[in-house]
């Protein structure tokens with residue numbers, strides 16, 4: 001839990017909640033705030049399983065997964081390749097396209113170029129290629145005279161993506177290989193953009209569960225989430241996010257990204273969807289632990 005990424009505070013909240021739930025399930029749990037000495041601490045502790053409660057870079061992009069493979073310690077969630085692929089938005093989109101899943105136009109450009117002129121016709125979005133939780137998102141509105149002056153904190157190369165209008169939807173996939181099932185679809189309602197604050201602050205967003213949308217769109221979300229989970233090679237759990245332009249009917253549904261480490265905080269979507277499916281928070285955490293392994 002924790003770690004050095006931009007999503008550290010969310011990870012600490014996830015870690016605390018999951019540790020408490022696992023203790024309630026009868027597990028002996030040690031909480032580790034991941035730092036430069038992580039390999040040594042794990043070598044000394046030699047746990048039966050590592051429950052990966054990290055979010056963002058290093059914890060979600062294949063890095064810690066590679067360390068755990070090297071140490072031969074079974075771990076939860078997706079493996080090295082799936083984690084790296086899903087964290088990289090360009091690779092994710094390529095996998096979606098290969099599967100025939102709907103995505104919007106995007107391109108990778110230098111930060112300086114994205115600050116100099118419109119790379120795509122507004123409206124469009126500028127984002128890091130490998131961050132989660134809406135970290136570093138810039139929206140260029142329709143009619144904007146020019147792009148924003150991106151700060152140095154943004155990567156040297158950024159993704160510029162056509163803005164997808166419509167409603168925000170998400171669907172969790174849960175289960176060991178061969179037993180994966182799409183739980184349900186949630187609509188996320190906010191007063192503005194579903195940014196970091198809206199995701200994690202109390203009252204930042206409202207979750208409509210199950211989403212009150214056309215049955216064919218609900219079914220398509222579940223089918224697409226399962227396809228995304230499988231084509232990326234995810235393991236045990238993932239959550240895929242969508243935008244749906246209802247003026248276009250089912251054709252207005254597009255995939256945004258797939259999260260291999262969905263948040264498990266008090267305001268998180270995946271535990272809510274699990275509860276709707278009759279799975280307690282403790283039972284959800286137990287399911288992840290029971291499927292832990294190396295060579296994922």
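The values are calculated or read from the model by the stated rules, or taken from the named source; none is laboratory data. In this text the structure is predicted, and so the values were computed from the model without any measurement. All Cβ positions, glycine included, derive from the backbone under ideal geometry; neighbour counts span all protein chains shown.
Observations, loosely collected:
- Within region 1-31, considering residues that are without any contact (Cβ under 8 Å) to a residue 40 or more places away in the chain and in contact with a helix residue (DSSP H, G or I) (Cβ under 6 Å, 6 or more places away or on another chain), the one surrounded by the most Cβ atoms within 10 Å (Cβ to Cβ): 29
- Selection status of residue 34, more than 20 Å from residue 236 (Cα to Cα) and either surrounded by 23 or more Cβ atoms within 10 Å (Cβ to Cβ) or in contact with a strand residue (DSSP E or B) (Cβ under 7 Å, 6 or more places away or on another chain) (or both): yes
- The set of residues in region 207-234 that are within 20 Å of residue 291 (Cβ to Cβ) and surrounded by fewer than 17 Cβ atoms within 10 Å (Cβ to Cβ) contains only 230.
- Residue that is surrounded by the fewest Cβ atoms within 10 Å (Cβ to Cβ), among those in region 111-127 that are more than 12 Å from residue 257 (Cβ to Cβ) and touching a helix residue (DSSP H, G or I) at 6+ places or on another chain (Cβ under 9 Å): 119
- Only residues that are surrounded by fewer than 19 Cβ atoms within 10 Å (Cβ to Cβ) and out of contact with any helix residue (DSSP H, G or I) (no Cβ under 8 Å at 6 or more places or on another chain) were counted in region 139-151, giving 8.
- Condition broken by residue 53, with the remaining ones in (1) in a helix (DSSP H, G or I); (2) within 22 Å of the chain's Cα centre (by Cα); (3) surrounded by 15 or more Cβ atoms within 10 Å (Cβ to Cβ); (4) at pLDDT 95 or above satisfied: (1)
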